[in-house]
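Where a number appears in this text, it was derived from the coordinates with a stated rule and is not lab data. Since the structure is predicted, the reported quantities are computational estimates derived from the model, not experimental observations. Reconstructed Cβ throughout: ideal geometry from the backbone, glycine too, with neighbour counts over all protein chains shown.
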Amino acid sequence: MGELLDRINQPNDIKNIDAKDYKKLAWEIRRFLVKNVSKTGGHLSSNLGVVELTMALHLCCKLPYDQIVWDVGHQSYTHKILTGRKDDFKTLRQFGGMSGFPKRSESDCDIFNTGHSSTSISAALGLVKARDLKHGTQKVFAVIGDGALTGGMAYEALNNASKIKSNLVIVLNDNQMSISKNVGGMAGYLGQIRTNTNYTGLKEDVENILKKMPHIGAALTGSIRGFKDVLKTILIPGMLFEDMGIKYIGPIEGHDIKKMVSAFEGATKVNEAVLVHVCTKKGKGYPPAEKDPSSFHGVAPFFVKDGSERIVPVPKETYTDIFSNQITTLAETNDNITAISAAMPSGTGLTAMAEKFPERFFDVGIAEEHAVTFAAGMAAGGLRPVVAIYSTFLQRAYDQILHDVCLCALPVVFAVDRAGIVGSDGETHQGIFDIAFMMSMPRMTLVAPKNSWELRELIKFAVMYDGPVAIRYPRGEAYTGLKEFKQPIKYGKGEWINKGHKIALLAVGSMVKTAVEVYDILKEYGFDISVVNMRFLKPFDEELLLEAAKSHSIIVTMEEGVLTGGFGQAVREWLSDKSNTKVYCVGLPDKFIEHGSVDVLKDKYGISAEKIAKNIRDWLK
């Protein structure tokens with residue numbers, strides 16, 4: 001494993017390492033990360049970039065007494081190594097194994113579960129207040145990336161942090177990236193600070209000269225602190241943080257442990273909020289990740305030698321690919337179509353739109369709330385905006401969807417990517433709540449395609465519909481089956497796939513494929529089954545539903561989302577005073593779904609074809 005890394009077996013063991021060996025330990029940690037993530041997959045470049053930063057924090061802290069809150073948390077691998085979890089890396093992001101994010105149930109050193117951006121300062125500020133009210137002495141650090149600093153919640157927290165009369169250290173990990181390259185005013189502002197050597201160079205030159213002066217050098221070094229503040233104001237553009245009332249230290253080389261330890265220890269000694277600006281290199285130490293940090297942000301298992309994937313997938317069209325091609329094609333003939341991303345143009349399939357129609361593509365950074373209301377303003381101005389956001393991140397804009405889009409009945413299209421179970425990223429990333437929260441929104445139209453053809457047609461429908469529409473589709477390869485079923489899209493209408501008489505399977509989106517598999521299984525047992533592609537979850541096809549209730553003794557609804565407040569419950573409630581037909585709802589339980597492969601999780605939670613078929617047989621018994 002490594003001579004030094006073998007000595008890290010529990011929290012605070014790093015303090016037993018000699019300072020002259022820190023560089024070697026950092027090298028061993030990077031080698032360990034590359035070797036292990038190459039086998040399991042995971043977040044690589046973000047973790048390679050914060051090795052020394054994490055070491056410096058641990059050298060300044062006594063864990064778990066002191067507290068570190070990691071924003072997003074996908075850069076916490078070194079933190080896990082240094083807190084005694086290196087042996088668990090063989091199970092990283094595997095079902096039943098170690099999470100790729102901080103997890104309170106996994107270690108006392110993980111003070112806060114994270115997975116979404118821009119949360120760390122708010123959480124850390126709450127920890128500070130709890131510490132002070134309980135008369136504690138813990139050090140509290142909030143680590144936030146420059147990408148996460150584009151999120152509005154970070155500024156709300158900074159606004160409050162500026163008022164406290166107690167210590168909080170905010171560590172700004174500035175690597176000039178979120179997943180892709182950062183955009184917006186904050187990126188430009190940090191770039192100015194990063195490249196402005198006037199202040200940092202002059203400060204270091206003056207201090208070095210003074211220290212060499214016998215007897216009076218140390219005293220003079222201390223006396224120029226006020227002058228240094230004046231220099232900051234003159235030489236560093238804006239001084240945004242200082243102007244807000246937050247003490248600023250930096251920029252500091254993020255791979256120099258000695259400098260960071262000095263800055264962190266100094267920052268903990270003042271009774272106010274301090275922001276330490278640390279500049280790091282995403283992907284540092286592994287050439288393929290340094291060359292292309294975006295591609296190595298989240299990786300499948302790969303060969304260490306050159307970074308190539310161990311299993312090269314056969315290129316197959318994904319739902320994201322289909323969305324990308326279709327929205328770009330439609331934009332060629334409809335000048336009103338615009339596209340909006342919240343810092344994920346590649347992940348959501350908007351890169352092609354950005355390249356072909358740059359004047360109609362907008363990356364707003366990690367700011368989902370702003371993305372939605374920005375789109376609402378566009379729609380109010382006569383455009384047809386399409387907002388492409390992963391299901392898990394769309395949760396952050398609930399109020400904006402309800403208040404700014406639905407209340408105003410504005411024609412905004414939501415491309416809800418990664419809907420359903422997404423797998424290894426776990427609780428914070430499963431896209432299982434969008435059905436439930438959008439089902440309750442007046443004026444919202446919610447649809448889900450059964451296959452690749454239907455996604456194309458639903459996108460056509462959505463950009464022409466005069467009101468809000470959300471299209472939810474899963475991660476990965478697009479289903480190409482049921483090609484013969486191409487009933488034209490009509491508002492609120494589903495389609496029959498098979499017509500039987502005993503059991504009707506009413507499926508939405510990805511579950512239509514599963515319903516066909518359930519049909520094949522139960523047909524062999526002699527069951528008389530119907531399969532329906534509902535297409536529209538809201539409003540659902542009431543006429544079709546009544547027909548199914550009259551001709552079947554059992555209706556089974558199928559959705560890849562939580563049952564509480566979902567499609568199935570809405571169907572059952574609507575039918576309750578109209579029919580005696582039994583309604584069984586297939587979906588996910590009222591809980592957070594852990595990390596693991598999609599197939600394993602679907603089977604565990606009863607939404608695989610085999611489990612659904614078995615449950616139907618049990619219900620009939």
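Compute the relative contact order of the range 495-620 as a whole-number percentage, counting only Cα pairs closer than 8 Å that sit 6 or more residues apart in sequence.
26
For the range 74-173, taking the reciprocal of the average inverse distance between every pair of different Cα atoms yields a Kirkwood hydrodynamic radius of 14.7 Å. Can you give the net charge of the other residues whose Cβ lies under 13 Å from the Cβ of Leu350, counting K and R as +1 and D and E as -1? Cβ neighbours under 13 Å give a net charge of -2. Beta bridges assigned by DSSP with both partners in the chain are antiparallel in approximately 15 percent of cases. Descending by average beta-carbon neighbour count within 10 Å, the peptides 308-314, 7-13, 78-84 line up as 78-84, 7-13, 308-314, the highest first. For helix 197-211, what angle does its Cα long axis make with the longest principal axis of the chain, in degrees from 0 to 90 and rounded to 10? Tilt relative to the chain: about 30 degrees. The label point for Thr564 and the one for Leu407, both projected 7 Å from the Cα toward the Cβ, are 2.6 nm apart.
Of the cross-linked pairs Lys24/Lys247; Lys39/Lys282; Lys460/Lys513; Lys20/Lys62, which ones have a Cα-Cα span greater than 26 Å in the structure shown? Those over the limit are Lys24/Lys247. Considering only beta bridges that DSSP places wholly inside the range 319-472, some 5 percent are antiparallel. Sequentially through the range 148-157, phi angles give Karplus couplings (6.51, -1.76, 1.60; θ = phi - 60°) of 5, 6, 7, x, x, 4, 5, 6, 4, 5 Hz, Gly and Pro residues having no value and appearing as x.
Simple rule: put +1 on each Lys or Arg Cβ and -1 on each Asp or Glu Cβ in the chain, find the dipole, and look at Val386, Gly349, Ile593; the Cα lying farthest toward the positive end is Ile593.
Helix 22-40 and the longest principal axis of the Cα set of the chain meet at an angle near 10°. Sorting the segments 252-259, 535-542 by their mean number of nearby beta carbons within 10 angstrom, highest to lowest, gives 535-542, 252-259. The charge dipole of the chain, taken about its Cα centre with unit charges on the Cβ of Lys, Arg, Asp and Glu (plus for the first two, minus for the last two), comes to roughly 1040 debye.
Based on the Cβ-Cβ distance of Tyr155 and Asn498, what FRET efficiency does E = 1/(1 + (r/R0)^6) give at R0 = 60 Å, to the nearest 0.05?
Computed FRET efficiency for Tyr155 and Asn498: 0.65.
Residues of the range 139-161 with amide nitrogen under 18 Å from the 7 Å Cα-to-Cβ point of Ser346? Answer for the range 139-161: 146-148. Taken about its Cα centre, the range 308-416 carries a charge dipole of roughly 160 debye when the Cβ of each Lys and Arg holds +1 and the Cβ of each Asp and Glu holds -1. Label zone (Ser440, point 7 Å along Cα-to-C-beta; backbone nitrogen cut-off 16 Å) within the range 564-599: 564-571, 590-591. Computed over the chain, the convex hull of the alpha-carbon atoms projects to a mean area of 31.2 nm². For the range 495-620, the Kirkwood estimate of the hydrodynamic radius, built from every pair of different alpha carbons, is 14.5 Å. Take 40-47, 596-603 and order them by the average number of nearby Cβ atoms within 10 Å per residue, most first; the result is 40-47, 596-603. Electrostatic tally near Leu505: other residues with Cβ closer than 15 Å to its Cβ, Lys and Arg +1, Asp and Glu -1, net +2.
Tyr65 label point, 7 Å along Cα→Cβ, cut-off 20 Å on backbone N: hits in the range 86-127? Under 20 Å, as judged by backbone N against the label point of Tyr65, lie 107-112, 127 of the range 86-127. When DSSP beta bridges are restricted to pairs lying wholly in the range 464-621, around 15% turn out antiparallel. Computing FRET efficiency as 1/(1 + (r/R0)^6) for Glu3 and Ser166, where r is the C-beta to C-beta distance and R0 is 45 Å, gives about 0.65. Placing a pseudo-label 7 Å from each Cα along the Cα-to-Cβ vector at Asn334 and Lys356 gives an inter-label distance of 1.3 nm.
FRET efficiency for the pair Lys20 and Asp618, taken as 1/(1 + (r/R0)^6) with r the Cβ-Cβ distance and R0 = 56 Å, rounds to 0.25.
Across the range 311-326, rounded Karplus estimates of 3J(HN,Hα) from the backbone phi angles (6.51 cos²θ - 1.76 cosθ + 1.60, θ = phi - 60°) give 10, 7, x, 5, x, 10, 5, 9, 4, 5, 4, 5, 4, 4, 5, 5 Hz, Gly and Pro being marked x. In this simple spin-label approximation, Glu484 and Glu524 carry label points 7 Å from Cα along the Cα→Cβ vector, and these lie 2.1 nm apart.
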